[in-house]
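Below: one structure, written as structure tokens.
FYI, it's all coordinate maths here, none of it is from the lab. For clarity, every value in this text was computed on a predicted model and none was experimentally measured. When we count neighbours, we look across all protein chains shown, and the Cβ atoms used for this are built from the backbone with ideal geometry, even at glycine.
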Amino acid sequence: MTTSPSLLTTAFRRKPVHTAESSAEKGEPHLERSIGTFQLTMFGVGATVGTGIFIVVPEAISKAGPAVLLSFIIAGVAAGLAAVCYAEMASAVPVSGSSYSYAYATLGEVVAVGIGACLMLEYGVSAAATSIGWGQYLNELLNNLFGWTIPHNLSAAPWGVDDPGWINLPSIILVILCGLLLIRGASESAVVNTIMVLIKLGVLLLFAAVCLTAFTSSHFSPFMPEGIAGVTSASAVIFFTFIGLDAVSTAGDEVKNPQKAMPRAIVGALITVISIYLLTAVAALGAQVWTEFNPDDEASLSALANKVTGGTWVGTLIAVGAVISIFSVTLVVIYGQTRILFAMGRDGLLPKTFEKVSSKTMVPVNNTIIVCVIIALLGGFVPIDKLWDLVSVGTLAAFIVVSIGVIILRRTMPDLPRPFKVPGYPVTPVLSVAACVWILSGLAPVTFLFFGLWILAALLFYFLWGRQHSRLNQFPDLTTGEVNR
């Protein structure tokens, strides 16, 4: 007679690393490996550069003044420390699911579910936030080209803002377009994203070149008008834009030679992102006094370009770049969310509809539709300022778990092949955790309240449903790592 494993045993059971590496060979739902290293790097850049430049810069500058440069560096260093931890985990556990899968292999099932919930904030809410900002630049572009804008009632949330509308229709349209593209296939989405990323990098370089012609050094004095608190607060706002580094690791099941390609893509994306962030921020601050940046005007960079040139042509190009840029951010972030939910569905921790893959396109179609509907509702009816901090806390929690996971996996599986290893181990992952905790301190207390309630809901779902449906229930002996299928 067998006895059911205890609640504690099942909650902290870990998924053996090798069971996630060969789903196709086992006849399980699987994705097609069609993404190369360069395209994967562009995924990381595409999910990062755009949101931080085109949407968050005015908000961050209003919090820190010229010291926002320090905020970008701090957020970049924290993300960099986490990035090398991601690179090692991606090389050791090259599967879809990002930090959810890494937590499952190192910290246990219940922790993985909690991280899965964090990633829903990190990806789903981030996609909604970026889609909202897209409408601002779309209106700027329409105004410059045709002297017409989308009516306010059709481009603003119905609550939580000073001047509410009926619905943010551009946000909903953007999410629908991204969903349609993703349903066509991962390789098609990767090609389109790469083209859009190259265009927006070119536009940002043009913006920097134009603004540097009006560079005034006195704009950087006083350098830290809001003190260290302002720098910390701005770092927390900026940090959620580094989601792209995590997005790279969501594609593990669709990358060619993932053990080498994923670490290279993560590091390559990090270097590109930090470089373009700092260049753009320096150029913008040099061209305009920090107090003139309007945190409520997501299209302020386009307006700044017009101010510098005295015309509208550069501002129009910036608006074009922003429309394309934010499209690519939203596309990759929605992609990442669907792949995380696919991994959770394949593990039995979500309903099976999330793991179903189309035999024609080899993508999780039902999963993608569900995600897009939820994100469209958030983007269409919730104001952007209510979403930013929730994204940051989800991202930071995921980064912390990955950094801790590196240490645990080094101790529990020292012989596991790791094509990439964290430099400066174990100091680097410890510093990564410390940096993330410090940035967390800059978030508002109400953010932690909402975050706590969300995690509580996720854990209740796990104990009431997920625990009974977990694929690990098919392990006759959880200590052997062999699956009874």
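Compared with the dominant Cα axis of the chain, that is its longest principal axis, helix 300-309 is turned about 40°.
Couplings for segment 406-416, taken from phi via the Karplus curve 6.51 cos²θ - 1.76 cosθ + 1.60 with θ = phi - 60°, read 4, 5, 5, 5, 5, 7, 7, 9, x, 8, 5 Hz in order; Gly and Pro are left as x. Between residue 155 and 166, 167, 169, the built amide H atoms are under 5 Å apart, and every one of these is 5 or more places off in sequence or on another chain. The packing ranking, built from the mean of other Cβ atoms within 10 Å per residue, places the peptides 100-108, 198-206 in the order 100-108, 198-206, highest first.
Which peptide among 86-93, 263-270, 284-291 comes first, and what is the full order, when sorted by highest mean count of other Cβ atoms within 10 Å? Can you show the working numbers first?
Numbers: 86-93: 27.5, 263-270: 24.6, 284-291: 19.4.
Packing proxy ranking, top to bottom: 86-93, 263-270, 284-291.
P(r) for segment 108-197: what percent of alpha-carbon pairs falls in each 5 Å bin, starting at zero? Pairs per bin, as whole percents: 3, 12, 14, 18, 18, 14, 12, 6, 2, 1, 1, 0. Here the average projected area of the convex hull drawn through the C-alpha atoms of segment 222-380 stands at 12.9 nm². Working from Cα positions, state the angle (0 to 90°, nearest 10) between the long axis of helix 169-184 and the longest principal axis of the chain. Here the helix axis deviates by roughly 40 degrees. In terms of distances greater than 23 angstrom between alpha carbons, the cross-link table entries 63/200; 200/260; 256/352; 15/356; 260/352; 260/356 yield 63/200; 200/260; 256/352; 260/352; 260/356. The computed mean projected area of the Cα convex hull in nm² for the structure shown corresponds, within (1) 21.9; (2) 25.1; (3) 28.3, to (1).
For a modelled paramagnetic label at residue 148, 7 Å from Cα along Cα-to-Cβ, the residues of segment 169-207 in reach, with backbone nitrogen under 20 Å, are 169-174. Computed from Cα positions, the angle between helix 37-46 and the longest principal axis of the chain comes to roughly 50 degrees. Just check segment 279-338 against the gyration tensor rule for me: Cα atoms, a ≥ b ≥ c as the square roots of the eigenvalues, rounded for a/c under 1.5, and otherwise prolate or oblate depending on whether a/b exceeds b/c. Prolate, because a/c is 1.5 or more and a/b exceeds b/c.
Ranked by Cβ crowding within 10 angstrom, fewest neighbours first, how are 219, 469 ordered?
Details: 219 18, 469 14.
Sorted ascending by nearby Cβ count, the order is 469, 219.
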